[in-house]
Amino acid sequence: MKNFKLTGLLLASTFLAVAQTATAEEVTIYSWREQEIPLWQHISDNNLIDGVTINFVRLNSDDYDTKLRIDLQSGGPDIFQGRAGAAWLASFIDAGVIVPLEGVDLSNMAPAAMTAAMGADGQIYGVPFAIQMESIIYNKGVFEASGIAVPTNMAELTAAADALAAAGVTPMSFGARSGWWLNQVVGEVMTAGMIDDATSQGLIDGTVCFTDPAFVATLEAVAGWQAAGYMNASPMADDYGAMRTAVALGEAAMMIDGVWSSGPASPMYEIDPDLVMGFMPVPGDNGKVYAFGDGTYLANAASEKADAVAAVMAFTATRDFAELFVAQVGELPAYGAEYTVEDARLSMVAEMIATNSAAPTPFFAYALNAGEPSYGQLVADGYQALLSGGSTAAEVAATIQAGLNSWNYVGAANCQ
Amino acid sequence: MDKLFRLSRTEQLVVQFILIAWAIVVLFPIGVAVINSFKPNLGEVYRGPLNLPSEWSFGNYVEAWVGANFGKYFLNSVIISGCTVVIVTLCASTTAFVLVRMPFRGSAIIFGCFMLGVIIPIRLALAPLFVTVNTLGLLDTLTGVILVQSASMMPVAVFIMTAFLRSVPSELEDAARMDGALPFSIYWRVVLPLIRPAIATVALLTFVQSWNEYFLPLIFLQSPENYPITLGIAEFRSQFAVQWHLMFAGILIMLIPTIIAFVLASRQFIEGLTQGGVKE
Amino acid sequence: MTYKQKARIQRLALLLPGVALYGIFNFMPLLGLLGLSLVRWPGIGPSEYVGLGNFMQLLGEPYYRDQFFNALFQNVYFFVIIIGAMLILGTGLALLLSFRTWGRNTYRAIFFIPYPLAGAAVAFLLNMMVETRGPINTLLVKGLGVMDAPIGFLGEPDLALSTLAVFYSWHRLSFAIILIMSAIIAVRVHLLEAAMLDGANRWQTLRAVVFPVLGPAFILITVIVMVDVFNNADYTLLLMGPEAGPLRNTDIMGTFLFRTSFGGSATSVNINFGMAAAIGLITALLILPAALYLSLKNLRKD
């Protein structure tokens, strides 16, 4: 009798143990974001997703696309991060690597982030992560030293720039050597600040042309800053890093940049540990900042660990994950509903995003980037032409329009 | 020959002047890298790249070693580079020997095929190469990386070897053949010592390229246990910035074996040239 | 077995390893490149057969064609500066190092140091040198007072490409020095002694005996550098990005290939490995005549 009980107990516990270890699956995630390493380490170590351990593989951003595609040919990761935009997702959708997301409750995600996960067919293919904000970032210390208040319109911006220039500070730092910054940050922040949402949306839909004065005005503003001497002497010689260094050192006051530069890992704090940064939109007619979902968590349809993968994907859409994201990554998650943000800087940014961000995102719009030359390419080239004195604002706008027309984008018929 | 190349005092001074000038051009950026590798944080690097560090942080080297997992990866790098060098020097020299000294009907075509490999870098054909390696089951193995790297350096190695071999007279080999020696022993006993400078050159170039190879290991390796140190250093590149103080420390650590290789190769070089078939 | 038979077998055995290794892991994939250039393939999923479509797009559409020829001409310019520097400076330094110069071994080792540095490190290191707040500009503007404003070495459309060429030369000069030195030192002693007996002085001896022997070394360097320069664009991609600014003035075949095949910006749809293969093949075709000519010259010289 006793033997039976003992054996029974033994058997039961063995079964349980085996069952436990059998369900502890390792899910491999590919990413280019080193800032998420502590997050997933925490999740894995504390078993926050039951029975799942995470193998987080971080690849260099430059190599990410190539390595990801190659590895997917021989199995590849179970989950991988995708860059924002339907254009990027297109080839993966066509290859059948990702399928429309099912079984995850996305009702709480911020609407601004959802475009990051949307394919060209309008379906959602993954769970978006990280909302980034782009705007003008200014060195608060420099502003205070020159007694400057945050400008609320373009006239005040000009006045502030004059005061700063007089004090020997470069008002606006530009790192025009970095093409990705020109189209993804400058172009978008200028449109968000100066063009009203309806017109911006029109640019994407093709009902408004890029030769429209509203768009040309964004280019003229930048050209104007350069002409008035508000920029660093040779914006074409300075790259993104040099731009941030100038602001961190206090040699420049403002720059157009993303909120990631104010994150805990930003090298700007290593240059000046007492640096305090503020955010403001380009104070144009629209006066809004620019927000977008940075990317998506995508499940590899060919993964053998479907259950574990589904569990992870579902977890990334929860409030717990959102709060962990803030704590471990120092960025805003794509979660839209209520959650606690203890960091003062991040809650201010969240506030700005919620109340004052532009809705349309031309840079990520599939309609503008479906062909070559893409909108992104044209804007980068355009700004470089503008800042090296090669073209006027009107000419740049015309070139952008012509480039888009050449592959018959949605507004080609309207904007010859 | 040295008799001819002795310099008078004035000539010596002029020559020294020129050489020191170029040495400065070479060493100045290196010096900047060294200085910055001792800075305690990235901020100091950005703030004043030329300034001396506020405190000499030897800890950077420790952190680079640990953070980039040098300890683990160093062995992998040594294995990969070492094997690649041996394979390439052996195979290139035997191939060159056959193509130059024992030509046959198809040898010109074979040489042409190698030349094609000189012109077209393997990076373009990554996709077909990946299929090959995967099919052979060599993915994520050191063997696979070694074979791929060796193959990628074969064309240039064969090119250098054949060029060198052509400029060396074949009298010694003909004599050996007349004595009835077979190709193996001709190669091993006569040719190899003759082409020591070329071997040293090819070995050095192959070693440096293999040691610094980043892309091929990136694609063909997946488990971190197999990573060479080039992949470990990539840890210091974040999305928008590079941890320069650590990166420079890592790069300077990586530099040391290549300098050692250079010194070794130089010695072989000179020795090989002063013996061998140069004196007639 | 007769000597002839044994010799044949041994010859095969000597040839086989190299040829097999190269054949399987390099040559066969290169042949695959031909097939790859005929499709449109984003790296995963199905590939779409387009025949000569990639080539037509490249040479037919003005948008691509203009960029292609611009990149090509700039690449030639880039190459000429580099090879000029490497051959002229390289020969000069190699000669100086082959004399009985004091400390020549040390100099040789010092000059070698840039060569094994990774391309990324060199790019950023030298970028630091030529920045607007870097040492060269500080020297020119503040130290010597020669200029009023810093020179944007990488920002000026006219200077950027030349600056990158200088970067490359700084990095790879040692390669030329090593090869030229090996050629100089390999000069046959008896030829030199014969020249000296004829009463020639140093310069005449050099010209008559040493310089002709440099031919193969020069050819070697030229071919290898040519291939590297026309196919890779590591510095440019790192420092100027795929758009190869300013205004495409630093666009060379490597950046053109990257931009056209993998997209210039993160949202580019047209990732096309087939296009990369097509451009690679065209580049190879373009430098093939020069490479062939040079190596045939090498062949005949004996």
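Could you name every one of the helices (runs of 4 or more DSSP H) located completely within segment B:124-206 that has at least 2 residues being among the hydrophobic types (A, V, I, L, M, F, W, C) and open to solvent by less than 40 Å² (accessible area, probe 1.4 Å)? I'd like the intermediate steps shown before the answer.
Values: elements: B:126-135, B:142-166, B:171-178.
Filter on segment B:124-206 gives B:126-135, B:142-166.
Taking C:Pro216, is it farther than 13 Å from C:Gln74 by Cβ and away from chain A (no Cβ under 12 Å)?
Yes, satisfied.
Hey, among B:Val85, B:Val78, which residue is at pLDDT 90 or above, more than 22 Å from B:Asp140 (Cβ to Cβ) and not acidic (Asp, Glu)?
It is B:Val85.
Can you pull out the helices (runs of 4 or more DSSP H) entirely within segment A:260-356 that have at least 3 residues that are in contact (Cβ under 8 Å) with a residue 60 or more places away in the chain and out of contact with any Asp or Glu (no Cβ under 7 Å at 6 or more places or on another chain)? Steps first, please.
Details: elements: A:267-271, A:306-315, A:319-329, A:344-356.
Answer list for segment A:260-356: A:306-315, A:319-329, A:344-356.
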- Tally of residues being open to solvent by less than 80 Å² (accessible area, probe 1.4 Å) and in contact with a strand residue (DSSP E or B) (Cβ under 8 Å, 6 or more places away or on another chain) across segment C:48-83: 3
- The one condition A:Gly51 fails out of (1) closer than 20 Å to A:Gly126 by Cα; (2) open to solvent by less than 20 Å² (accessible area, probe 1.4 Å); (3) of a type outside the set (Phe, Trp, Tyr) is (1)
- From (1) under 30 Å from A:Asp50 (Cβ atoms); (2) crowded, with 22+ Cβ neighbours inside 10 Å, pick out the condition that doesn't hold for A:Lys288. (1)
- Message: I'd like the residue in segment C:151-161 that is under 20 Å from B:Val25 (Cβ atoms) and open to solvent by 30 Å² or more (accessible area, probe 1.4 Å) and, out of all such residues, is modelled with the lowest pLDDT.
- Response: C:Ile151
- Query: Do you know which residues across segment B:88-118 are among the aliphatic types (A, V, I, L, M), within 18 Å of the chain's Cα centre (by Cα) and at the interface with chain C (Cβ under 7 Å from one of its Cβ atoms)?
  - Reply: B:Ala92, B:Val118
- Message: Can you confirm whether C:Val80 is assigned to a helix (DSSP H, G or I) and more than 8 Å from every other protein chain (Cβ to nearest Cβ)?
- Response: yes
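Across segment B:92-123, which residue is surrounded by the most Cβ atoms within 10 Å (Cβ to Cβ) among those that are among the small types (Gly, Ala, Ser) and assigned to a helix (DSSP H, G or I)?
Here is the first cut: in segment B:92-123, the ones among the small types (Gly, Ala, Ser) are B:92-93, B:96, B:106-108, B:112, B:117.
Then keep just the ones that are assigned to a helix (DSSP H, G or I); that gives B:92-93, B:96, B:107-108, B:112, B:117.
On the way: B:Ala92: 31, B:Ser93: 25, B:Ala96: 28, B:Ser107: 15, B:Ala108: 12, B:Gly112: 12, B:Gly117: 23.
Within segment B:92-123, the match that is surrounded by the most Cβ atoms within 10 Å (Cβ to Cβ) is B:Ala92.
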- Task: Starting from residues that are under 21 Å from the mean Cα position of the chain (by Cα) and facing chain C (nearest Cβ under 9 Å), keep the ones in segment B:210-246 and report whichever is most open to solvent (accessible area, probe 1.4 Å).
- Result: B:Tyr214
- Message: The conditions are (1) open to solvent by 50 Å² or more (accessible area, probe 1.4 Å); (2) within 14 Å of chain A (Cβ to nearest Cβ), and C:Val166 fails exactly one of them. Which is it?
- Response: (2)
- A:Trp407 meets each of (1) within 14 Å of chain C (Cβ to nearest Cβ); (2) in contact (Cβ under 8 Å) with a residue 40 or more places away in the chain; (3) in contact with an Asp or Glu (Cβ under 7 Å, 6 or more places away or on another chain) with one exception, condition (2)
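Just give me the residues in segment A:66-83 being open to solvent by 10 Å² or more (accessible area, probe 1.4 Å) and either over 17 Å from A:Ile124 (Cβ atoms) or touching an Asp or Glu at 6+ places or on another chain (Cβ under 6 Å) (or both), in sequence order. Outline the logic, then answer.
Step one: filter segment A:66-83 for residues open to solvent by 10 Å² or more (accessible area, probe 1.4 Å), giving A:66, A:72-76, A:78, A:83.
Those that are open to solvent by 10 Å² or more (accessible area, probe 1.4 Å) and either over 17 Å from A:Ile124 (Cβ atoms) or touching an Asp or Glu at 6+ places or on another chain (Cβ under 6 Å) (or both): A:Thr66, A:Leu72, A:Gln73, A:Ser74, A:Gly75, A:Gly76, A:Asp78.
Any idea which of A:Met109, A:Met154 is touching a residue at least 40 places away in the same chain (Cβ under 8 Å) and open to solvent by less than 40 Å² (accessible area, probe 1.4 Å)? Working first, answer last.
Numbers: A:Met154 fails: open to solvent by less than 40 Å² (accessible area, probe 1.4 Å).
Just one listed residue meets the conditions, A:Met109.
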- Taking A:Asp162 as the residue in question, decide whether it is more than 30 Å from A:Val312 (Cβ to Cβ) and open to solvent by 10 Å² or more (accessible area, probe 1.4 Å). yes
- Item | Lone unmet requirement of (1) surrounded by 18 or more Cβ atoms within 10 Å (Cβ to Cβ); (2) in contact with a Pro (Cβ under 9 Å, 6 or more places away or on another chain) for C:Ala123 | (2)
- Message: Which residue is nearest to the chain's Cα centre (by Cα), if the candidates are limited to segment B:60-77 and must be open to solvent by 20 Å² or more (accessible area, probe 1.4 Å) and either touching a residue at least 12 places away in the same chain (Cβ under 8 Å) or within 14 Å of chain A (Cβ to nearest Cβ) (or both)?
- Response: B:Phe74
- Filter pass, A:Ala192 being modelled with pLDDT under 95 and either open to solvent by 10 Å² or more (accessible area, probe 1.4 Å) or not assigned by TED's automatic domain parsing to the domain that holds A:Gly241 (or both): no
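Any idea which of A:Tyr383, A:Tyr375, A:Tyr335, A:Tyr339 is farther than 19 Å from A:Gly85 by Cα and surrounded by 24 or more Cβ atoms within 10 Å (Cβ to Cβ)? Before you say what the answer is, go through the steps one by one.
Values: A:Tyr375 fails: farther than 19 Å from A:Gly85 by Cα; A:Tyr335 fails: farther than 19 Å from A:Gly85 by Cα; A:Tyr339 fails: surrounded by 24 or more Cβ atoms within 10 Å (Cβ to Cβ).
From the options A:Tyr383, A:Tyr375, A:Tyr335, A:Tyr339, the qualifying one is A:Tyr383.
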- Please determine, by comparing only the residues of segment C:238-269 that are open to solvent by 30 Å² or more (accessible area, probe 1.4 Å) and within 16 Å of B:Leu124 (Cα to Cα), which one is modelled with the lowest pLDDT. C:Phe262
- Task: Output the number of the condition that B:Ile253 fails; it satisfies all remaining conditions of (1) surrounded by fewer than 24 Cβ atoms within 10 Å (Cβ to Cβ); (2) at pLDDT 90 or above.
- Result: (2)
- Message: Among the residues of segment A:198-234, what is the count of those that are crowded, with 16+ Cβ neighbours inside 10 Å, of a type outside the set (A, V, I, L, M, F, W, C) and within 22 Å of A:Leu157 (Cβ to Cβ)?
- Response: 7
- Query: Among A:Ala365, A:Ala370, which is the only one that is crowded, with 16+ Cβ neighbours inside 10 Å, at pLDDT below 90, within 19 Å of A:Val127 (Cα to Cα) and within 14 Å of chain C (Cβ to nearest Cβ)?
  - Reply: A:Ala365
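Just checking: which of the helices (runs of 4 or more DSSP H) contained wholly in segment A:27-127 hold 3 or more residues that are at the interface with another protein chain (Cβ under 10 Å from one of its Cβ atoms)?
Once the helices (runs of 4 or more DSSP H) in segment A:27-127 are filtered for at least 3 residues that are at the interface with another protein chain (Cβ under 10 Å from one of its Cβ atoms), what remains is A:61-72, A:86-94.
Tally the residues that are over 30 Å from B:Leu124 (Cβ atoms) and in contact with a helix residue (DSSP H, G or I) (Cβ under 7 Å, 6 or more places away or on another chain), restricting the search to segment C:192-234.
Number satisfying all stated conditions: 10.
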- Message: Being over 27 Å from A:Val99 (Cβ atoms), without any contact (Cβ under 8 Å) to a residue 24 or more places away in the chain and part of a loop (DSSP other than H, G, I, E, B) is the filter here; which residues of segment C:33-52 pass it?
- Response: C:Gly51, C:Leu52
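The values are calculated or read from the model by the stated rules, or taken from the named source; none is laboratory data. Just so we're clear, the structure is a prediction, and the values are computed from it rather than from any experiment. Using ideal geometry, Cβ is built from the backbone for each residue, glycine included, and neighbour counts are taken over all protein chains shown. Remember, those area values only see protein heavy atoms, side chains included, never the ligands or the DNA or RNA. Shrake-Rupley method; radii C 1.70, N 1.55, O 1.52, S 1.80 Å.
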